[in-house]
Amino acid sequence: MSKKKLYAIAAAGGALLIAAALTLAAVLSSKTIKVAFYGVSEAVQESVKSHVDRMKLGRVRYFTLDAALDLPKNVHKKYSILIAKNSFALNSRAKNFVPINESILEALPTSIRKATAYGQAHYALPLLLDHFEIAYYQISKKELGLERPRNYGELLRYLGALKNNVEIPLACAGANDEELFGFVSAFAELFYGAEDYKKAVSVLREASNLNKDNLPEAFTRVLDEIKALQERELIFSKWTRTSARDIRYFMQERKIGAAAMFLSRRRSIEYNLVKYYDSDFFPKYDAGADHGLVAPQIAAVLLKADKKASLVLGQLVSSEIQAELSNETFLAPVASRAESYDRQADDVRFWAASCAAGPLNSIEQECENTEERRHLLAQKIRAYLER
């Protein structure tokens with residue numbers, strides 16, 4: 001046989017091997033569940049990974065997308081599942097996602113399902129909740145014979161009563177952008193109610209997209225209310241520059257009568273400090289309006305109609321896994337029957353389920369997509385509050 005024929009046979013054989021390898025890779029790829037994370041903490045990523053791996057559904061690959069950049073436009077073409085904070089950016093992509101099966105959603109209370117409703121369908125599945133709460137120092141509360149505030153007027157009277165008993169009636173770690181947004185979001189929601197809060201955030205988002213220097217009136221009204229409380233010394237005047245370390249110090253020295261913070265932040269503070277603080281949701285200005293809870297959600301999006309990917313989502317909202325996810329991430333469960341090891345995390349799930357409007361996104365989730373743009377908006381808010 002001539003050398004040319006040998007080379008031709010070898011080349012053909014090589015091509016067949018390459019084709020077979022490509023075919024095998026394609027088959028393996030089609031059976032691989034690809035889970036992408038975007039803008040969620042390392043604790044959430046590791047917790048979800050460990051539980052998905054224990055499901056033993058075959059090959060799973062994990063990807064961490066760069067949260068400093070916008071969510072990639074082709075994300076729905078590259079991955080099976082996306083786990084991210086619920087946001088306007090996520091909602092705007094809903095037409096590219098596979099609707100969540102109703103049988104999976106049945107594990108969640110109706111109000112919590114609202115968080116990811118898109119028309120008649122649900123584009124994503126809430127997995128965990130954070131919550132911007134107010135926590136009252138129980139010793140001062142008992143010493144002064146104070147009752148839990150049930151509306152905004154009672155909250156002002158409560159803080160006024162604390163003024164002569166503690167150095168700082170209300171504190172917040174506003175040096176952290178996320179905490180700053182949480183505080184302003186909670187005030188905007190208690191001030192407006194859920195629907196008008198959403199409208200105000202929409203106006204802020206539009207102004208932000210146009211790079212306007214001035215904040216819209218819908219939000220300056222809220223910030224003016226916060227400034228009035230600063231002037232009355234009901235809120236720590238330097239709260240926009242206060243760090244989480246400062247809050248720990250204030251708690252240790254018993255300087256504050258109430259603290260405003262995210263559930264995840266409170267659960268990261270030493271128990272011997274936070275055990276004296278009883279958490280609650282912010283009381284509302286108008287109790288008659290439909291209100292929601294400023295409770296950012298970690299949501300799972302189904303990007304491909306894959307049975308194994310759907311099975312993963314169903315397992316992640318099972319009662320047992322929900323309890324473990326909550327304990328591992330310092331967030332609240334969403335499943336109706338899941339039991340959190342933290343009583344106040346259980347409360348968050350109950351409050352979200354009992355609110356007519358359910359859990360709501362914070363300002364940062366609705367207005368800005370990247371950390372850089374969020375920080376610029378936070379600086380704009382700080383400048384307004386500090387002048």
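The values are calculated or read from the model by the stated rules, or taken from the named source; none is laboratory data. All figures in this text were calculated on a predicted structure; none of them were measured in a lab. In this analysis, Cβ positions are derived from the backbone assuming ideal geometry, glycine residues included, and neighbour counts consider all displayed protein chains. We work out accessible area using only protein heavy atoms, side chains counted, and drop any ligands, DNA or RNA first. Shrake-Rupley method; radii C 1.70, N 1.55, O 1.52, S 1.80 Å.
Starting from residues that are open to solvent by 30 Å² or more (accessible area, probe 1.4 Å) and of a type in the set (Phe, Trp, Tyr), keep the ones in the range 341-360 and report whichever is nearest to Phe330 (Cα to Cα).
Tyr341
How many residues does the range 278-319 contain that are more than 22 Å from the chain's Cα centre (by Cα), under 30 Å from Val222 (Cα atoms) and either not in a loop (DSSP other than H, G, I, E, B) or not charged (D, E, K, R) (or both)?
Selection size over the range 278-319: 4.
Could you please find all residues in the range 224-235 being part of a helix (DSSP H, G or I), in contact (Cβ under 8 Å) with a residue 60 or more places away in the chain and of a type in the set (D, E, K, R)?
Lys227
Identify all residues within the range 320-335 that are in a loop (DSSP other than H, G, I, E, B) and open to solvent by 10 Å² or more (accessible area, probe 1.4 Å); write none if there are none.
Across the range 320-335, the qualifying residues are Phe330, Leu331.
Name the pairs whose Cβ atoms lie under 6 Å apart, with the first residue in the range 335-347 and farther than 17 Å from Pro126 by Cβ, the second open to solvent by less than 20 Å² (accessible area, probe 1.4 Å) and not in a helix (DSSP H, G or I), and 6 or more positions between them or separate chains?
Gln344/Ser279
So the check is Cβ under 7 Å with 6+ separation or different chains; which pairs have a first residue in the range 73-99 that's on the phi > 0 side of the Ramachandran plot and a second one that's part of a loop (DSSP other than H, G, I, E, B) and modelled with pLDDT of 95 or more?
Listed pairs, sorted by first residue: none to list.
For the range 57-72, indicate whether the set of residues that are open to solvent by 40 Å² or more (accessible area, probe 1.4 Å), closer than 21 Å to Thr370 by Cα and touching a Leu at 6+ places or on another chain (Cβ under 9 Å) is non-empty.
Taking every residue of the range 57-72 in turn, at least one turns out to be open to solvent by 40 Å² or more (accessible area, probe 1.4 Å), closer than 21 Å to Thr370 by Cα and touching a Leu at 6+ places or on another chain (Cβ under 9 Å).
Could you check the range 107-223 for strands (runs of 3 or more DSSP E) lying wholly inside it with 1 or more residues that are over 30 Å from Leu313 (Cα atoms) and over 25 Å from the mean Cα position of the chain (by Cα)?
132-137, 168-172
What do you reckon, is Glu102 within 27 Å of Asp346 (Cα to Cα) and surrounded by fewer than 21 Cβ atoms within 10 Å (Cβ to Cβ)?
yes
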